Amino acid sequence: MNRREGHGWHQTLSMWQQICLITSTLIGVGVLTLPRTTSSKLFEAGWIAPLIGSAGAFVSLWLIVKLSKRYPGETFIEYSHKVWGSARRPWVGKVFSLPWICTYLVYLYFSTAVVSRVFGEVVVTSVLLQTPLEVILITMFLLVLFLCMHEVEVVARVNELLFPFIILPLLFIAIASFQKAEFGNLLPINHVSMRSTAEGVYEGIYSYSGFEIMFVFFAYANQNTNKELAGFYSLLIAALLYMLIVVAGISVFGYEELQRVTWPTLELVKSTQVPGFILERLESAFLAVWVSAVFTTVANAYYAVVYSLRQLFRKGIRFQRVVAFVLLVPLFFFSRIPQNITEVFKLASLLGLSSLVINLLFPVVYWVAILIRDMVTRREGRNVDG
Amino acid sequence: MSQFFQAWQKRKEALQSKALEQYSVESMESVSDVTLTTNVEENIQLIEAQFGKCDDLVVRRFQTKSKAQAAIVFIDGMVDRNVISDFIIRYMTTPDITYHDPATNELDLTDKLRQIVRNILSGCAVLIIDGCRNAYLNNTRGWDRRSVEEPQTESVVRGPRDGFCETLCVNSALIRFRLKDPNLRVRHMVVGERTQTDIYVMYIDGIAYPPIVEEVIARIESVHVDSVLESGYIEQMIQDRRWSPFPQIQNTERPDKVVANLLEGKVGILVDGTPFGLIAPAVFSQFYQSPEDYYERFYIATLIRFIRIISISIALMLPSLYIAFSAFHPEMIPSRLVIAMAAGRSTVPFPSLVEALFMELAIEILREASVRLPGPIGPTIGIVGALVVGEAAVTAGLVSPVMVIIVAVTTIGSFASPSYSAAIAIRMLRFPVMILAGMFGLYGIMLFLIVILIHLSSLKSFGVPYMSPLSPLNLNGMKDLFIRVPHHLFKTRPMMFHVQDKIRIREEDNPK
């Protein structure tokens, strides 16, 4: 029996789906350590860091949006050929775009390894004490693999459905912990220098990265939606949530105490008591719900990798499925390389640095290349005209 | 691997449908080319030869008023005998009646033996007259049918009490009766090489999206099967993903529900011989929406929807939450309760996963048994099973008292879904969640929920995403998703089915 897949109208990503994609990728394991990392250099004023960081992220995201608008309907993989190549010799573009694409993919690939490792550490140390780390990693990877079996529109819809599971627990924790808050902990406000502000922002930079997946996903955005606005809203949502969490962390614990806890956000959850609520000690429930936040971060990045490879080799969904499975095996071993939690955090901050490079350097370099190309072609055109 | 499996499946299907076609061609080929002669006895022999030795084939010979030999052929039990004696035989034999033809409401002339055989099989009486090459096909269909009764599986407190019955024309009339719109289109199709089951595909021209209608018709046409005994055959063969546990086509016994869905731009499929009609495309909201929601005031309708959603979640997750809490996260339970629970569990020799699986299995057996048992005994067994066995199991220390409460609430919760086939999906999925909860606690439950969410997001029913209007988000559709807004706010039809005529309430017709 032959059957057609419905009546195949092309499903593009709506603005809300773009917001969900970006925000849920941004919010991941970074939040669990955010109050500590930001307040380590900024002290009481740690809550400024998410705002400044997100503003910086928006500049980069705006450049990515502009790139995708310049090449509508094309992913980073597809337009890289055009940016670096010439019309006469297509192989030039292929060769010169390869280092950029490879760097991008390798970065995303390793970021998934680190994120899943961090999450595995949290789960193993605080909830499932007797479960081996490997089991958490494998189950998470199997979940990611299942998503990678599907097309892009499914990814967008999954993000859309999981979005409330990411936002609501954070809001709940932040608001519920204000009953224990001592707002004196937040004072004085203008106490830090510009230098330590920059350092503080840098410490938490890992939390604002993740939107680089939009190099790929913006290609499928509905052309009528305002992508800049989608980027703006998603970063705004993330920044406000981060700020709330950091404010809650600092005002409940004070910045000195925050430096001594590994997972400050989880400590916030532990200290939360809701009067009249049936359940106590919510950290297990929080981490269970938090699986969805981590899953969207890991899965979206990994999907971007796998999907890019599929485009790079011009293959279909079967290739994507096979690649998704094959690449998970080394990923599992990579995620087990760090010996302990300190090494994991070191790697995470290294990843933050490389995300800074990728997110700022890539769009800027690409735009410079495009502008130079434009100038050259215009001059050539003038020569032809005489 | 799956590729290979698909190819194998496809080949098997192709071979099967080829064989079926071959059979039907062979069996009908010998008939098709033959035409009737002018001799009555020869014609009777021709028809009888087709049926072989068939004792319910009745041949009544008589003489018409013009002294010609005639015979009437029909199958006993499928025809209305009064019509045959009063309006065919009496009309043809009484000299006072000057009218020449039989006085039946549908009359057709043919000399093709194939068509005659088909019509006899579907309850027509065939009149053959000597000297006349054509036979009269009289529609005398009339067999004992169940009357229109209240639907058993979808009862409502407020709303129409009539449900579909087994006869196709009655069912389509029940829909016409509610929807007096000339744009209601009915397409007749026949599926089943041997059963020759009649199928009506109904839609409203000008509302339904034509590609969806065409897709439904094309998929039904592509069904090659020897028998269709219930609409479930059609449903399972034309749904988008045949391996999914979730029903992607809705079934209903209620004509009012079909009409409401036709007005939303969906397509109704009625199958002869079953009181269950199909509605395509279907979305996830079928799990907790009932036609009653639109008949009662919107406050209570909204509240009841939330109650249904909660009860579906309970049916899916309560046992696994119990397992997760008692085995992995006892610190989350308030301390007084945890002491009581521990006291209850102190005599139970199994881990909580085994305890829960054991009890759920018992309740499933009970449920199945009480469905099969004859009417008056069913509830008795339910009470005996639930109360006596449950009580005894607790006293014997096999299960904890909390477990009994949880199993009972879970079972009741799974009955709150207005759609039985949707509730089955939830009922089935409860077991994998329980096993994952037994392995990983709350983490396992969340893993499974994400797996289900991914699967639901990937499902489509005739091109409509299964989770719409929640994802892709459609604010207009949200008016009728969890809450049900008052009727005067339903100004447009839901957009997710790509309706053609979008307006439900015209402003200019409703002066303030």
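Proximity of backbone amide H atoms, modeled 1.01 Å from N, is registered between residue A:221 and A:13 at under 5 Å, excluding neighbours fewer than 5 places apart on the same chain.
When you restrict to C-alpha pairs under 8 Å that are six or more residues apart and normalise by the size of segment B:443-512, the relative contact order lands at 18 percent. Each other residue within a Cβ distance under 13 Å of residue B:367 adds +1 if Lys or Arg and -1 if Asp or Glu, for a net charge of 0. Within segment B:168-282, antiparallel bridges make up roughly 100 percent of the DSSP beta bridges whose residues both belong there.
Farthest towards the positive end of the charge dipole of the protein assembly as shown, among the residues B:248, A:235, B:218, is the Cα of A:235, using unit charges on the Cβ of Lys, Arg, Asp and Glu. Mind running the shape call on segment B:294-465? Use the C-alpha gyration tensor, a ≥ b ≥ c as the square roots of the eigenvalues: rounded below 1.5 for a/c, prolate if a/b tops b/c, oblate otherwise. Verdict is oblate for segment B:294-465. Radius of gyration (Cα atoms) of chain B, expressed as a multiple of 2.2 N^0.38 Å: 1.24.
Relative contact order, whole percent, for chain B stands at 13, derived from Cα pairs under 8 Å and 6 or more residues apart. Principal semi-axes of the equivalent ellipsoid, √(5λ) from the alpha carbon gyration tensor of segment B:108-229, are 32, 20, 16 Å from largest down.
The alpha carbons of segment B:33-139 give a radius of gyration and a Dmax of 12.7, 39 Å, in that order.
Once you list every other residue whose beta carbon is under 9 Å from the beta carbon of residue B:69, what net charge do they have if Lys and Arg are +1 and Asp and Glu are -1?
The answer is 0.
Rounded to two decimals, the Cα radius of gyration of the protein assembly as shown over 2.2 N^0.38 Å is 1.18.
Overall shape of segment A:293-350 was characterised from the C-alpha gyration tensor. The equivalent ellipsoid obtained from it has semi-axes of 27, 12, 10 Å, in decreasing order. Peptide B:332-341 has a mean of 2 when you count, residue by residue, the C-beta atoms of other protein chains within 10 Å of its C-beta.
Would you work out the relative contact order for segment B:197-265, in percent, from Cα pairs under 8 angstrom that are 6 or more residues apart? Value for segment B:197-265: 46 percent.
With Cβ to Cβ distances under 15 Å as the rule, what net charge do the other residues near residue B:327 carry (K, R +1; D, E -1)? Its environment carries a net charge of -1. Between A:109, A:99, A:48, the Cα set farthest toward the positive side of the dipole of segment A:15-385 (charges on each charged residue's Cβ, about the Cα centre) is that of A:99. As a rough footprinting exposure proxy, the listed residues B:165, A:102 were ranked by other beta carbons within 10 Å of their own, and the order from fewest upward is A:102, B:165.
Within the straight-line cut-off of under 25 Å between alpha carbons, the lysines reachable from residue A:346 are A:41, sequence neighbours fewer than 8 places apart in one chain being disregarded.
Cross-link check: pairs A:66/B:502; A:69/A:94; B:12/B:460; A:82/B:502 evaluated at a Cα-Cα cut-off of 32 Å; pairs beyond the cut-off: A:66/B:502; A:82/B:502. The HN-Hα couplings worked out from phi for segment B:195-203 by the Karplus form 6.51 cos²θ - 1.76 cosθ + 1.60 (θ = phi - 60°) are 7, 6, 6, 7, 9, 10, 9, 10, 7 Hz, whole numbers, x standing for Gly and Pro.
Residue by residue along B:470-479, Cβ atoms of other protein chains within 10 Å of the local Cβ number 4 on average. Close amide-amide hydrogen proximity is noted between residue B:75 and B:58, each under 5 Å apart and 5 or more residues distant or on a separate chain (H modeled in the peptide plane; Pro and chain starts excluded). Taking +1 at the Cβ of each Lys and Arg and -1 at the Cβ of each Asp and Glu, which of B:129, A:63, B:329 sits farthest along the dipole of the protein assembly as shown towards its positive end, judged by Cα position relative to the Cα centre? Going by the Cα projections, it comes out as A:63. In this Cβ point-charge picture (+1 for Lys and Arg, -1 for Asp and Glu), the protein assembly as shown has a dipole of about 2380 debye about its Cα centre.
Look at the stretch A:287-300: the mean tally of other chain Cβ atoms within 10 Å of its residues' Cβ atoms is 3. For segment B:242-310, the alpha carbon convex hull comes to 102 Å³ per residue, rounded to a whole number.
Rounded to whole Å, the principal axis extents of the Cα atoms in segment A:15-385 read 76, 47, 39, largest first. Which residues does the label zone of residue A:95 cover in segment A:351-365, counting backbone N under 20 Å from a point 7 Å along Cα→Cβ? Under 20 Å, as judged by backbone N against the label point of residue A:95, lies no residue of segment A:351-365. Here residue B:67 is the anchor, and the lysines within straight C-alpha reach of less than 26 Å, apart from those fewer than 8 places off in the same chain, are B:112.
Close amide H pairs (under 5 Å, H built 1.01 Å from N) link residue B:461 with B:466, residues at least 5 positions away or on another chain.
Where nothing but the Cβ of Lys and Arg (+1) and of Asp and Glu (-1) is charged, how large is the charge dipole of segment B:381-512 around its Cα centre, in debye to the nearest 20? Dipole about the Cα centre, nearest 20: 340 debye.
Converting phi to 3J(HN,Hα) with the Karplus coefficients 6.51, -1.76 and 1.60 and the offset θ = phi - 60°, segment A:88-102 yields 6, 10, x, 5, 4, x, 5, 5, 6, 7, 4, x, 5, 4, 4 Hz in sequence order, with x at every glycine or proline. Under a model in which nothing but the beta-carbon of Lys, Arg (+1) and Asp, Glu (-1) is charged, segment B:168-282 shows a dipole of about 260 debye around its Cα centre.
Read-outs: derived from the displayed coordinates by stated rules, not from any lab. Every value quoted in this text rests on a predicted model; they were computed, and no experiment measured them. Cβ sites come from the backbone with ideal geometry, for glycine too, and all protein chains shown count toward neighbours.
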